[in-house]
Amino acid sequence: MAAPRRDTRGIVDAPGLFTRVQFRRRTPAAVLRPYVEHYWLIDWDLSEPYATHVVPHPCVNIVFQRYADRPGFGEVAGVGRALFAQRLAGRGRVCGVQFRPGGFRPFTPARPATDWTDRRLPLATVFGCAGADDPAAAVLDPDDEDARVAALDAALTPLLRADPPVLAQAALAMRLADRIRTDRTIRRVADFARSEGMSLRALQRLFAGYVGVSPKWVVLRYRVQEALERAASDAEIDWAALAAELGYSDQAHLVREVTATVGVPPTAYPR
């Protein structure tokens, strides 16, 4: 069984967050692993409020959450194209499901992934669960971490209901998105489409329907996330060299991308 990834890519000021919360990643049940990257569990008990920021991945999340001032609830969070911020205060708990890019469509086969992009919707709105069918309490109530993971498995497994054609297209979208994430030589989407034996338009339609954003956006987002992770870990980073390594035309282009994403230039990001 593959362990969940350990990088902090996308989390702004990960050391600051991890000193304030308990953060864990857990592996889902075997039937869900082709579609779910991991579960992520957070608990906190803070004497002072803290604002956490995340540069979202190109994926959908289901998030069960309980904050000090409101009862627990679940929602579907589509791919977010803007920096995400959340204020944490008092005591709280979040149990999240991070789907693989393209992996959420088999759970909502009749709806294209663009229906969720930049939206956060109640679980009942997306899946029709309500009352006794609402899994929020079952997921959030147990203090035992294994029990929370089991409740997530139990909530998700019945929702996997796509037919083989949707599953096949989802598998293709997930494979292509993962190739973009891991292959730094991918810089031009048209070249990428040709290398996969697809037309550019077919690739764009696949990503719209199954990922929720364009392949170009995915390429740029993974580049920015890698640049931010490198900036946080290396104070002496050579930005011109990194820009060339990530496929930017020059250092200024990288600086503009990072600044537009997090609001500060990359040289200021570690601070």
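Overview of values
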read-out: Inter-label distance, nm, simple model (7 Å from Cα along the C-beta direction), Tyr50/Ala147; value: 2.6
read-out: Given [x] 40, 29, 16; [y] 53, 23, 16; [z] 30, 26, 15, the label whose value is semi-axes √(5λ) of the Cα gyration tensor in Å derived from this model; value: [z]
read-out: Shape box of the stretch 189-233 [Cα atoms, principal axes, largest first, Å]; value: 38, 21, 10
read-out: The stretch 76-156: radius of gyration over Cα atoms, expressed as a fraction of 2.2 N^0.38 Å; value: 1.19
read-out: Two-site FRET efficiency, Arg70 against Thr157, from Cβ-Cβ distance with R₀ of 41 Å, rounded to 0.05; value: 0.90
read-out: Surface share of carbon and sulfur [accessible, 1.4 angstrom probe, percent] for the chain; value: 52
read-out: Projected label distance in nm at His253 and Ala30, using a 7 Å step from Cα toward the beta-carbon; value: 4.6
read-out: Rough spin-label spacing in nm, given labels placed 7 Å along Cα→Cβ, for Ser199 and Thr19; value: 5.5
read-out: Residue-span extension gain [Ser233 to Leu83] - 0.36 nm each, minus C-alpha spacing; value: 52.0 nm
read-out: Using alpha carbons only: equivalent-ellipsoid semi-axes of the stretch 120-271, gyration tensor based, whole Å; value: 36, 25, 13
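The values are calculated or read from the model by the stated rules, or taken from the named source; none is laboratory data. Quick caveat, the model's predicted, so the values are computed rather than measured. Cβ: placed from backbone, ideal geometry, glycine included. Neighbour counts: every protein chain shown. Areas reflect the complete protein model, heavy atoms only, side chains present, ligands, DNA and RNA absent. Shrake-Rupley method; radii C 1.70, N 1.55, O 1.52, S 1.80 Å.
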